[in-house]
Amino acid sequence: MSVLVFTENWDGKFKKLSFELASYASKVAEMLNTNAVALSIGNVDESELKKLGNYGVKKIVNINNDALKNLDDRAYTSVIAEIAQKESSEVIILSNNNMGKGLAPRLSVRLKAAIGAGVSQLPLSTSPFTVYKRAFSGNAFAHLELKTGVKIITLAQNSFELIETANGASVENFSVNVDASNIKVQVKDVQKQTGKILITDAEIVVSGGRGMKSPDNWEPLVELANLLGAATACSRPVSDEGWRSHEEHTGQTGKIIAPNLYFAIGISGATQHIAGVSSSKYIVAINTDKDAPIFGAAQYGIIGDASKVLPKLVEAVKEVKGK
Amino acid sequence: MKILVCISNVPDTTTKVKFVEGNTKLDTTGIQWVINPWDELSLTRALELKDDASTGVKSVSVAHVGSIAAEPTIRKALAIGADDAIRVNAEPADAYYVASQLAEVIKKEQFDIVICGIESSDFNGSTVGSMLSELLDYPSVSAVSSLKIENGQVVISREIDGGKEIVHVSTPFVAVVQKGIAKEPRIAAMRGIMMARTKPIKLYEPIAVEPLTQVVSFEMPKPRASCKFVDAENPKQLIELLQNEAKVI
Ligand SMILES: Cc1cc2nc3c(=O)[nH]c(=O)nc-3n(C[C@H](O)[C@H](O)[C@H](O)COP(=O)(O)OP(=O)(O)OC[C@H]3O[C@@H](n4cnc5c(N)ncnc54)[C@H](O)[C@@H]3O)c2cc1C
């Protein structure tokens, strides 16, 4: 038996979510009295692979196959299923990000394994196997029983902390046969965003709404984000208007995020917006309207004009950080 | 080319959800039902493709797994412009159950492009679309933010963490779509509403499928601590609270 965790890397370096997944998988393995095994697909060197061991993983199955250079959901599913069978995995854990959302449901069908998607905590119990997940776009949570022998969990990003437990993991290089004729998705072009903190990865997110008044007013907001090592985000009308790029749109129909700290600046706090940010650990609201619904979701608030408050905040951060 | 858009019937996000029967079931009284926002956008994109003769898209159908209570939502999709609809007459037990019913119908009806939304705003599973592609053994592309047909070739832009990829895929396939697929959902015009009354809704009875999951109970989100206000003249205090009290910066 084992708990299998599907990791992701970016140009040979593990994404932060891989360590979150490894930490989570190790805890689930503990609950089941078994070990966590990580699967890595790509060109990742041994020292990077071994980092997974720092988060409790006992073994790392490493697959480096040119045919898997690009993501083809069918081909990847076959590989994960093969490793899950080889490792007799009872639980398979993936991220609830774009990749995980594409792969986990396929695996579920392939292995006849129930899936708990968008889980944000350790399983509530292992017998029956019950997970805690978001429902009704954050307006409720569900206790969901996974009724099959093999179970799949997709973990919401940023919802589980890194837990360091050095285990001294071993690396097993494994080769798989990929049927190239089955690859029907061809990647023609890749446009990478470089140098920017990913909004789904970020621990702090600074977000602006229509109350920012104009696309020309974003400078202090961006400066605040830079000082805090934060990603920038926005409400839907702001991206619809083209004030900011679509990648920044958070909410029910945009990105669903769970940073430690979310600044909502000039954002009213419509239900559809809150749906995407309600899992943030802390929300700070800055708004001229004391009755804005966003204050109902926030732990800290400033009633005031963003254009006046933001420059002062920037100064305050400089002062505090300077010390 | 034939396009199918799978639609989910969901409570409007702004309606307050409540639960009954020991918190195991949604209380449907007073709920405003709508087409799942993603599916509305998918339908809009499918209709845009059909409007453009160069794409070769000849028809846009919608499919829904649900009871007769969902018919107003299906009619709405027809009013927006879908040519016809399919309803599998069953209570959606879980994502696997729904995907299995849809797969069965698609095998019979055959489509070139099947579009599903990235998630249904009720159970937030993000699973039906990809399950469906696996059940059909079709290729699938997930996180689709743009879908075009250029000289008969499907050209898709999909979001990856930290960027996007332009991909080509052969038909038939399943596209799981997200933000960007269409700008604003198309709204039904009077003429569309009139026409929708006579458009066909084909009824299928469900096949026997054992769901893989079971909701044990629902609960409401834990109430958050009330908001602590800081004077607008003194934002430094906020930074200090974030540093010393919340310990997040
Ligand atoms: C199906 C559906 C899905 C949706 N999905 C999303 C989604 O994913 N994400 C999303 O964000 N929205 C979404 N929406 C839209 C949502 O309902 C709101 O319209 C939107 O969130 C409002 O954006 P806002 O807060 O920026 O603007 P507004 O609601 O206009 O709020 C602006 C706020 O700024 C404040 N303000 C004004 N001037 C200042 C100033 N000088 N300083 C400080 N504050 C100021 C105002 O008091 C107000 O509270 C969706 C809607 C629908 C119907």
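Bear in mind that the values in this text are calculations on the coordinates, not laboratory data. It should be emphasised that the depicted structure is a prediction, and the values quoted were computed from it without experimental measurement. For neighbour counting, all protein chains shown are included, and Cβ atoms are generated from backbone atoms with ideal geometry for every residue, glycine included.
Using DSSP, restrict attention to beta bridges with both residues in the protein assembly as shown and report what percent are antiparallel, rounded to the nearest 5. Beta bridges within the protein assembly as shown, antiparallel portion: roughly 35 percent. Computed over the alpha-carbon atoms, region A:35-166 gives an Rg to Rh ratio of 0.96, Rh here being the Kirkwood radius from the mean inverse distance. Counting every other Cβ atom within 10 Å of each residue's Cβ, A:Ile257, A:Ile183 order from fewest to most as A:Ile183, A:Ile257.
Extending 7 Å from the Cα toward the beta-carbon at both B:Asn234 and B:Lys247 defines two label points whose distance is 2.5 nm. Every helix of 4 or more DSSP H residues in chain B counts as -39500 (n - 2.57), and over all residues that averages to -7500 deg cm²/dmol at 222 nm. Over every Cα atom in region B:106-249, the radius of gyration and the widest Cα-Cα span, Dmax, amount to 23.2, 67 Å.
What percent do you get for the relative contact order of chain B when only Cα pairs under 8 Å and 6+ apart count?
In percent, rounded to a whole number, it is 24.
Please find the FRET efficiency linking A:Asn43 to A:Glu319, where r is the Cβ-Cβ separation and R0 is fixed at 45 Å, and quote it to the nearest 0.05.
Rounded to the nearest 0.05, the efficiency is 0.50.
Note on chain A: helix-only mean residue ellipticity at 222 nm, from DSSP H runs of 4+ residues weighted -39500 (n - 2.57) and normalised by residue number, equals -8500 deg cm²/dmol. Lysine pair count for region B:1-125 (Cα-Cα distance under 17 Å; residues 8 or more apart in sequence or on different chains): 6. Taking every alpha-carbon pair within chain A, the share separated by more than 24 Å comes to 57 percent. On full extension, the segment bounded by A:Leu122 and A:Glu82 gains 11.9 nm, given 0.36 nm per residue less the C-alpha separation. Between A:Ser175 and A:Glu30, the simple label model (points 7 Å from Cα in the Cβ direction) yields a spacing of 3.9 nm. Across chain A, C-alpha contacts under 8 Å between residues 6 or more apart give a mean separation that, scaled by the residue count, equals a relative contact order of 14 percent. With each label modelled as a point 7 angstrom along the Cα→C-beta vector, the A:Lys13-A:Ser214 pair spans 3.8 nm. Other residues whose C-beta falls under 15 angstrom from the C-beta of A:Asp305 contribute a net charge of +2, scoring Lys and Arg +1 and Asp and Glu -1.
Could you pull out the pairs from A:Lys15/B:Lys183; A:Lys101/A:Lys255; A:Lys290/B:Lys228; A:Lys213/A:Lys281; A:Lys213/B:Lys247 whose alpha carbons sit more than 23 Å apart here? From the list (A:Lys15/B:Lys183; A:Lys101/A:Lys255; A:Lys290/B:Lys228; A:Lys213/A:Lys281; A:Lys213/B:Lys247), the Cα-Cα distance tops 23 Å for A:Lys15/B:Lys183; A:Lys213/A:Lys281; A:Lys213/B:Lys247.
Contact order for region B:16-133, expressed relative to its length and based on alpha carbon pairs under 8 Å spaced 6+ residues apart, stands at 23 percent. Along each principal axis, taking the top coordinate minus the bottom one, the Cα set of chain B gives 62, 46, 40 Å in descending order. By the rule of a C-alpha distance below 19 Å, with chain neighbours fewer than 8 residues away ignored, the aspartates and glutamates paired with A:Lys112 are A:Asp73, A:Glu82, A:Glu87, A:Glu90, A:Glu145, B:Asp94, B:Glu104, B:Glu134, B:Asp137, B:Glu210. Percent of Cα pairs in region A:204-322 per distance bin of 10 Å, from zero to the largest separation: 15, 52, 31, 2.
Size descriptor for the protein assembly as shown, Kirkwood hydrodynamic radius: 24.5 Å (Cα pairs only, one decimal).
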